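Each remark here refers to the structure printed beneath this line.
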Amino acid sequence: MSDPLDLGHLLTEQRNPATVEIDTLSTLEMCRLINAQDGQVAEAVGRALPQIAAAIDAIAGGLAAGGRLFYLGAGTSGRLGVLDASECPPTFNVPPGLVVGIIAGGDAALRHSSEGVEDSPEAGVRDLREHGFSPRDVLCGIAASGRTPYVLGAVGEANRLGAITIGVACSPGSPLARDARIAIELLTGPEVVTGSTRLRAGTATKLVLNMLSTGAMIRLGYVYSNLMVNVQPSNEKLIDRAQRILMEAAGITRTVAARLLDDSGGNVRTALVMACRQVSRTEAEALLTASQGRVRDALTLDR
């Protein structure tokens with residue numbers, strides 16, 4: 001008979017000495033304590049910036065070569081991956097299948113706990129295969145403990161295929177960090193409530209996933225300056241945003257911005273190049289094609 005599992009050595013499972021009396025505090029004191037603990041999260045993320053930057057470049061390279069980005073995790077980690085993936089299409093106007101979020105137990109696990117599935121490495125392999133994961137794709141495995149079998153199984157399969165693998169973990173020296181080609185270790189320390197990794201570990205993970213997807217899209221040219229130039233003006237709010245982007249970036253009036261947006265077929269990048277370079281839609285589209293869609297390059301490219 002095997003020994004029972006003991007994860008007490010994991011950083012994310014240890015007791016936080018700063019919060020052992022949290023249940024005796026007033027509500028305001030409790031909030032101040034949680035806030036102070038959360039204030040340390042950004043520092044933990046900051047220590048991993050070189051690895052995060054390497055992951056962003058790897059993701060951008062994979063997407064530029066026709067691959068996809070996959071987030072995969074169980075429980076809170078899986079939910080955070082699905083959330084980031086679901087926000088990429090409306091933010092950057094990319095196809096829904098470009099960034100894929102997979103959670104152990106499927107979509108039902110987004111609302112209902114199904115943590116038992118995380119103990120199966122075979123399930124991780126199966127879910128990757130069902131989504132047609134290929135060597136061109138990039139896998140970001142997410143596990144606060146760094147040891148979730150479901151995630152390790154998927155990372156092992158992606159490595160076998162020769163794909164780029166990224167591991168996001170909140171425990172030092174974890175199996176996930178060992179197996180992933182790029183290891184992002186977020187040493188956030190013991191949780192406010194012991195073992196509740198939806199707290200500090202979850203916050204750190206959300207910050208990193210924000211950087212991974214946003215950074216990759218910036219590298220791919222979906223952002224000009226700090227403007228969301230790939231936005232699709234599909235409703236009144238987004239039409240307003242698109243017009244304001246053109247007004248800010250090109251120094252034009254709303255009336256001119258609206259006309260250029262119509263003339264460009266509703267493409268903000270094309271309209272911006274038309275405005276700044278005083279060219280036709282056809283010429284603007286040609287400049288963007290030659291610049292691989294990057295507005296900044298299209299604005300300086302020789303005709």
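What follows draws every value from the coordinates through simple rules; no lab data is involved. Here the structure is a predicted model, which is why all the values come from computation and not from measurement. Here Cβ is always computed from backbone atoms with ideal geometry, including for glycine, and neighbour counts include all displayed protein chains.
If you take the Cα centroid of the stretch 154-188 and the Cα centroid of the stretch 131-149, the two points sit 8 Å apart.
Potential lengthening of the chain between ALA53 and ARG136 amounts to 27.9 nm, from the contour at 0.36 nm per residue minus the alpha-carbon distance.
Test of understanding: what is the full-extension gain from GLN14 to SER234, defined as 0.36 nm times their sequence separation minus their Cα-Cα distance?
Length gained, GLN14 through SER234: 74.4 nm.
Look at where the Cα atoms of the stretch 223-300 and of the stretch 37-106 average out, and the two centres are 27 Å apart. With the simple spin-label model, which puts each label point 7 Å out from Cα in the Cβ direction, the GLU87 to ARG296 separation comes to 2.3 nm.
Between amide H atoms placed 1.01 Å from N, distances below 5 Å from TYR71 occur with VAL100, GLY101, ILE102, CYS140, all of them 5 or more places distant or on a separate chain. Ordering 165-175, 70-80, 182-192 by mean Cβ neighbour count within 10 Å, with the highest value first, yields 70-80, 165-175, 182-192. Modelled this way, with points 7 Å down the Cα-to-C-beta line, the labels at ALA64 and GLU43 are 3.6 nm from one another. When only the Cβ of Lys, Arg, Asp and Glu is charged (+1, +1, -1, -1), the dipole of the stretch 11-219 relative to its Cα centre reaches about 480 debye. Shown in residue order for the stretch 42-50 are the 3J(HN,Hα) couplings computed by the Karplus curve 6.51 cos²θ - 1.76 cosθ + 1.60 at θ = phi - 60°: 4, 5, 5, 5, x, 5, 9, 4, x Hz (x for Gly and Pro).
Computed 3J(HN,Hα) for the stretch 92-107, one whole-Hz value per residue from the Karplus formula 6.51 cos²θ - 1.76 cosθ + 1.60 where θ = phi - 60°, is 10, 6, 9, x, x, x, 6, 10, 10, x, 10, 10, 4, x, x, 4, glycine and proline marked x. The tail of the calculated P(r) for the stretch 9-88, taken as Cα-Cα distances beyond 19 Å, holds 63 percent of the pairs.
Counting neighbouring Cβ atoms within 10 Å and putting the fewest first, the residues ILE164, ILE59 line up as ILE164, ILE59. Quick check on the stretch 140-217: take the gyration tensor over C-alpha atoms, sort the square-rooted eigenvalues as a ≥ b ≥ c, and tell me if it's rounded (a/c under 1.5), prolate or oblate. Here the stretch 140-217 falls in the oblate category. Among 258-270, 275-287, the peptide with the highest mean count of other Cβ atoms within 10 Å heads the list, and the full ranking is 258-270, 275-287. In whole angstrom, the chain maps to an equivalent ellipsoid with semi-axes of 41, 24, 16, each derived as √(5λ) from the alpha carbon gyration tensor and ordered largest first. Angle of helix 236-250 to the longest C-alpha principal axis of the chain, folded into 0 to 90 degrees and rounded to 10: 70°. In a fully extended conformation the segment linking GLU21 and ILE218 would gain 66.5 nm over its present Cα-Cα distance, using 0.36 nm per residue. For helix 121-130, what angle does its Cα long axis make with the longest principal axis of the chain, in degrees from 0 to 90 and rounded to 10? Its long axis makes an angle of about 20 degrees.
The phi-based Karplus calculation (6.51 cos²θ - 1.76 cosθ + 1.60; θ = phi - 60°) puts the 3J(HN,Hα) values of the stretch 199-213 at 8, 5, 4, x, 5, 4, 4, 4, 4, 5, 4, 4, 5, 4, 6 Hz, whole numbers, x for Gly and Pro.
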